[in-house]
1. Tell me the strands (runs of 3 or more DSSP E) entirely within segment 1-91 that contain at least 2 residues that are under 18 Å from the mean Cα position of the chain (by Cα).
2. Could you tell me which residue of segment 129-151 is nearest to the ligand (Cβ to nearest atom), considering only residues that are modelled with pLDDT of 95 or more and more than 20 Å from Leu188 (Cα to Cα)?
3. Return yes or no: is Pro40 touching a helix residue (DSSP H, G or I) at 6+ places or on another chain (Cβ under 7 Å), more than 26 Å from Val213 (Cβ to Cβ) and not small (Gly, Ala, Ser)?
4. Against the definition (buried (at least 18 other Cβ atoms within 10 Å of the Cβ) and more than 30 Å from Glu219 (Cβ to Cβ)), how does Gln79 come out, yes or no?
5. Of the residues that sit in segment 174-192 and are crowded, with 22+ Cβ neighbours inside 10 Å and not in a loop (DSSP other than H, G, I, E, B), which one is nearest to the ligand (Cβ to nearest atom)?
6. Those residues that are without any contact (Cβ under 8 Å) to a residue 40 or more places away in the chain and touching a strand residue (DSSP E or B) at 6+ places or on another chain (Cβ under 9 Å), I need them from segment 194-217; list them, please.
7. Taking the residues in segment 82-93 that are closer than 18 Å to Pro190 by Cα and not small (Gly, Ala, Ser) as candidates, determine which candidate is surrounded by the fewest Cβ atoms within 10 Å (Cβ to Cβ).
8. Restricting attention to segment 204-252, report how many residues are among the small types (Gly, Ala, Ser), within 16 Å of the ligand (Cβ to nearest atom) and part of a loop (DSSP other than H, G, I, E, B).
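The values are calculated or read from the model by the stated rules, or taken from the named source; none is laboratory data. Values in this document were obtained by computation on a predicted structure and should not be read as measured data. Here the Cβ positions follow ideal geometry from the backbone for every residue, glycine too, while neighbour counts run over all protein chains shown.
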Amino acid sequence: MQNAKLLILIAVLLPPRALDVLGTVVEERKILTPYGEFGPLALRVAPNQPAVWVGPYTGLPTRTDPRATLFAAGMLNLQQVLTWDEGVALNPILRRGQSTVATDYIDWTRHQPATFFTDKHMKMIDRQTAELNLPQPPFCPQMIAALHQVLPKLPEVVYLGVDGPRRETQAEARMFRLFGADVLGSNLTPEVALANELGICYAGLVTIGERSVDQPIGEPRGELRAGLEMTLQALPEFIRLVDTLPECSCIN
Ligand SMILES: [Zn+2]
């Protein structure tokens, strides 16, 4: 049995077999949690690289309960979760195909269970202590530093999470921008808050798929495909880097 520490959730569309760059699949698993089934996840192993769990992820309202995602990570004894999301740029300086890293978030979801603390399955943790010790900042500083190391000039963004799949209106896009959000997406919230509650390091890598509807939309010229490819090529080094990290302040 390989000892993996990291789970990578893939919420971007990649060509078939693209993930082979992260290693060969040695095990596949679905995990039954009190919040429903999570998976399938694949354990991937490559030479000179720690094993890593990798799974597809979707932010549609019909998706996995986000609590199942994080609970499953806990059941696998994982210490780090990276979600690679595709986002809509609210900030006009961001370009299609550009990858960014989330450093803070606004949770604008309305239909997602956003805490474990009201839940009977979480008796085993001391809720009061856990609530007092939620990490600040919410996204793992060590994982963010590792992403900067493998993807130089990665812009840091404020992420605004929505339920989807409806696109934002022009008025919403202007409002979200006034809130201070740079990127809009459906896969990092409330997952980041749930990871904080469980003391799991969590990071969000967000590749810009398009601009918000209040901005001029240019013809796609393959920027997204090129950006996804470049980001994917950086992940093996990221997997090696985060495996060597010392115990983190996220772990309460
Ligand atoms: Zn951390």
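1. Those strands (runs of 3 or more DSSP E) span 6-11, 36-45, 52-56, 80-89.
2. Ranking the qualifying residues of segment 129-151, first place goes to Gln149.
3. Judged against the criteria, Pro40 is not a match.
4. Here the answer is yes, as Gln79 does meet what is asked.
5. The selected residue is Val192.
6. Ile217
7. Glu86
8. Number of matching residues: 1.
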